[in-house]
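Peer 1: Right, I'll just put the structure down here and ask away after.
The values are calculated or read from the model by the stated rules, or taken from the named source; none is laboratory data. Model, not experiment: these values are computed from the prediction. No Cβ is skipped: glycine too gets one built from the backbone with ideal geometry, and neighbour counts run over all protein chains shown.
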Ligand SMILES: Nc1ncnc2c1ncn2[C@@H]1O[C@H](COP(=O)(O)OP(=O)(O)OP(=O)(O)O)[C@@H](O)[C@H]1O
Ligand SMILES: [Mg+2]
């Protein structure tokens, strides 16, 4: 995709987005509500016309790909409307019929953990179960490329882990995946590369480990201030928050930890809650999407 732009009337939803996803890769789009993720995905899926820019999906312009392209794609929309009176098995069987080489329907039902609900009407599924059905609909056609728009929103934690396993299974089978998510652990667990989009533009891209300079950022050392001590007692430049947690940043964690733990051992002090880490993907993400005064990201021309 090169210089993709999309306006809805006066609202500029996407303003110059470039990215490439290689075959077999998992690419995650992250960004706040209204950032332009769904718009971008729907243009790739051929559901939405772009205002300008070049787009090729499996070598084909999605605006002109028609059925031949659609048969090679799996799509989980952010909001899917499924006939509420059909059963899980009926919905999937009907959908499988649109594809030349579908997966066996019962196998897909098992894969998404709806085995017990195969004969249940869609209207009687819980929210998370309906979302599992959406995921099933996205993979039943045995696609080469899958678009997942917030696939696990509404999933309980164990259902989310199962969904990750399912996605890993697709990856092992060589499927290419483009997803959006608001869960940073999901991006971390699944994505080879992530791009953060805000206000319709990519503000950072890279691997989950290196984006935003994560891998080279200063190490954080945290612990609770020992009783009866103040931050000045600590032999390093440190500040204690109102919650009594001491935080310090260092470029030389080996030396500073040595100083800190040496001091604590000598003085017989416990360093409760001692943690040593670098910024998480969520920390970096929040920094990247924070506007000057945390303005909502949508942009008006
Ligand atoms: N059909 C539409 N008509 C007019 N404006 C729209 C339409 N769809 C989206 N927008 C606007 O375009 C911008 C981007 O929306 P989009 O749905 O792409 O965001 P998103 O990144 O998917 O957000 P979310 O995380 O909430 O799903 C928003 O400002 C939204 O209000
Ligand atoms: Mg969206």
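Peer 1: Please note which strands (runs of 3 or more DSSP E) are completely contained in the stretch 192-287 and include at least 1 residues that are over 30 Å from residue 20 (Cα atoms) and at pLDDT 90 or above.
Peer 2: Result: 219-224, 245-250, 275-277.
Peer 1: Then there is this: Can you tell me which residue within the stretch 167-180, out of those that are under 15 Å from the mean Cα position of the chain (by Cα) and in a helix (DSSP H, G or I), is farthest from ligand 1 (Cβ to nearest atom)?
Peer 2: 168
Peer 1: Of (1) in contact with a helix residue (DSSP H, G or I) (Cβ under 6 Å, 6 or more places away or on another chain); (2) within 16 Å of ligand 1 (Cβ to nearest atom), residue 140 satisfies all except one. Which?
Peer 2: The failed condition is (2).
Peer 1: Still on this structure: Quick one: would you say residue 149 is closer than 21 Å to residue 80 by Cα and either assigned by TED's automatic domain parsing to the domain that holds residue 20 or within 16 Å of ligand 2 (Cβ to nearest atom) (or both)? Write out each step before concluding.
Peer 2: On the way: closer than 21 Å to residue 80 by Cα: yes; either assigned by TED's automatic domain parsing to the domain that holds residue 20 or within 16 Å of ligand 2 (Cβ to nearest atom) (or both): yes.
Yes.
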